[in-house]
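The values are calculated or read from the model by the stated rules, or taken from the named source; none is laboratory data. It should be emphasised that the depicted structure is a prediction, and the values quoted were computed from it without experimental measurement. Cβ coordinates were reconstructed from backbone atoms using ideal geometry, including for glycine residues, and neighbour counts include every protein chain displayed.
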Amino acid sequence: MNHVQYRQILEDAIQGEIDSQKFYQDAAARMRDSFLKELFTRFTLEEKKHEEILRSFVEPIPENLPFDENRDYKVAATVDRPEVSDRMKPADAFALAMKKEQEAMDQYNALADGCIDPEQAEMFRGLAAMEREHKFKMEQAFVDIGYPEAW
């Protein structure tokens, strides 16, 4: 993989994070409940952090990406994707966020699986691991809110 290809992959990933920021920002604007408004605003900020992380990757590919690829509750796979509504419950908001992180993770894994360039595939795996880590956080919050008996 050359530098131009690497940069394009990252620019596409950055655009995905920007799109997610807009999605969460729009969702926050629709919320009547102050907790959910704040929650979606935090999701917007989290996606901004993802964007910043990706922008930091635009420089040379690091040898080892700092993500734990094994942490995954797989809760997102068991939950339907809720629609954005001004009457959403907090658990639904976390469910929506974990589904979006799952979709991003799946997208990066599919790109990695389709790569014939090992370096490019490794970069996609690293991006998928980053999304898996974010999904893990959303799953933890979902379980904490949806199943308080698990505390």
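Could you identify the single residue in 36, 45, 65 that is surrounded by 15 or more Cβ atoms within 10 Å (Cβ to Cβ), modelled with pLDDT of 75 or more and at negative phi? Matching residue, one of 36, 45, 65: 36. Report, by residue number, each residue of segment 73-95 that is crowded, with 17+ Cβ neighbours inside 10 Å and at pLDDT below 70. Across segment 73-95, the qualifying residues are 75, 76, 79. Being of a type in the set (Gly, Ala, Ser), in contact (Cβ under 8 Å) with a residue 12 or more places away in the chain and within 14 Å of residue 131 (Cα to Cα) is the filter here, so list the residues in segment 92-111 that pass it. Listed by number, the residues that qualify are 97, 104. Within segment 96-114, the set of residues being of a type in the set (A, V, I, L, M, F, W, C), farther than 18 Å from residue 45 by Cα and buried (at least 17 other Cβ atoms within 10 Å of the Cβ) comprises 105, 111, 112. The condition (being of a type outside the set (Val, Ile, Thr), modelled with pLDDT under 85, under 17 Å from the mean Cα position of the chain (by Cα) and closer than 20 Å to residue 18 by Cα) is satisfied by just one residue among 98, 105: 98.
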